[in-house]
1. Within the stretch 147-227, considering only helices (runs of 4 or more DSSP H) that don't extend past its boundaries, which have at least 1 residues that are polar (S, T, N, Q)?
2. Output the number of the condition that R154 fails; it satisfies all remaining conditions of (1) out of contact with any Ser or Thr (no Cβ under 8 Å at 6 or more places or on another chain); (2) in contact (Cβ under 8 Å) with a residue 40 or more places away in the chain.
3. Cβ-Cβ under 7 Å, sequence separation 6+ or interchain: first residue in the stretch 196-217 and without any contact (Cβ under 8 Å) to a residue 60 or more places away in the chain and farther than 18 Å from Y135 by Cα, partner surrounded by 14 or more Cβ atoms within 10 Å (Cβ to Cβ) and basic (K, R). Which pairs?
4. Among what's in the stretch 50-89 and is among the small types (G, A, S) and open to solvent by 40 Å² or more (accessible area, probe 1.4 Å), pick the residue that is nearest to Q136 (Cα to Cα).
5. Can you tell me which residue is least open to solvent (accessible area, probe 1.4 Å) among those in the stretch 147-165 that are under 16 Å from the mean Cα position of the chain (by Cα) and among the hydroxyl-bearing types (S, T, Y)?
6. Hey, among Y96, Y89, Y79, which residue is touching a Pro at 6+ places or on another chain (Cβ under 8 Å) and at pLDDT below 95?
7. Working only within the stretch 125-146, note down all residues that are open to solvent by 40 Å² or more (accessible area, probe 1.4 Å) and either assigned to a loop (DSSP other than H, G, I, E, B) or without any contact (Cβ under 8 Å) to a residue 12 or more places away in the chain (or both).
8. Within the stretch 166-186, which residues are surrounded by 14 or more Cβ atoms within 10 Å (Cβ to Cβ), hydroxyl-bearing (S, T, Y) and modelled with pLDDT under 95?
Amino acid sequence: MACTSISAQNSPTSSDTTRALELYQQTFESEFKYINGREYKPYHHPTQDNPFLNSTSGIGSIYMHGKEYAKKQLTYDIYKDLLIVVPDYFKFSNVYVQLKKNEVDSFTISFDRENYQLINYKKQECPPGLEPGFYQRLYKSDNITLLIKHYVIRGVNNAQTTFRYTTDRFILFNDHYSHNVSTKKKLVALLPEHKKQLRRKIKSINYSYKKMDNSQLIQVIQFIDSL
């Protein structure tokens, strides 16, 4: 994603862009209702680390109030937990809009080899133990849900801003209290009566719980779901 917020030639002011976006929303209220935020201002150097999921933009769908807005150019800023879209309108082809988070129910985003579905756990409906925000849902049944929280940790190296990518893992039992299970110890502690079975299962899938990929994590959760 080339993160210039407005094209260099004949660039309108920020207030001009805001007014134009408001007019755009009013004119195309139904088809373009998803454009409900304000201009996104990039804060990283374009040739260095960036705070985006998969380090680039992708194509996906936005879900708002029961409606899907498909095939949009999306970027997920995982440092600020913001969903960013380029409007489907030639006059705003170089404008990036950060959507009002509370209006977004979920979104999908696809890259060359990766596909993500992220659910917005809003403050008013967030289960205890889980911070509000976007989470990737890997598995859901009547009993258990597996969520991944994507992060970047901002730092400085040789006077340059860096963004180090990492994740946390959470499980919800019966969609109630969530538990951080980013380490094997934390996961096993939740099921003391099955700890030996669970350790054996984890070891049979991947000796390193931390290095498990998504398909391997799903196998572990499916095993827990069967207990």
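The values are calculated or read from the model by the stated rules, or taken from the named source; none is laboratory data. Here the structure is a predicted model, which is why all the values come from computation and not from measurement. FYI the Cβ positions are ideal-geometry reconstructions off the backbone, even for glycines, and counts take in every protein chain you see. Please note that ligands, DNA and RNA were not included when accessible areas were found on the heavy atoms of the full protein model with its side chains. Shrake-Rupley method; radii C 1.70, N 1.55, O 1.52, S 1.80 Å.
1. Once the helices (runs of 4 or more DSSP H) in the stretch 147-227 are filtered for at least 1 residues that are polar (S, T, N, Q), what remains is 195-205, 214-226.
2. Of everything listed in (1) out of contact with any Ser or Thr (no Cβ under 8 Å at 6 or more places or on another chain); (2) in contact (Cβ under 8 Å) with a residue 40 or more places away in the chain, R154 misses just condition (1).
3. I202/K184; Y209/K184
4. My answer is S55.
5. Y151
6. Result: Y96 is the single residue among Y96, Y89, Y79 that is touching a Pro at 6+ places or on another chain (Cβ under 8 Å) and at pLDDT below 95.
7. Matches in the stretch 125-146: E125, P128, G129, E131, P132, K140, D142, N143.
8. S178
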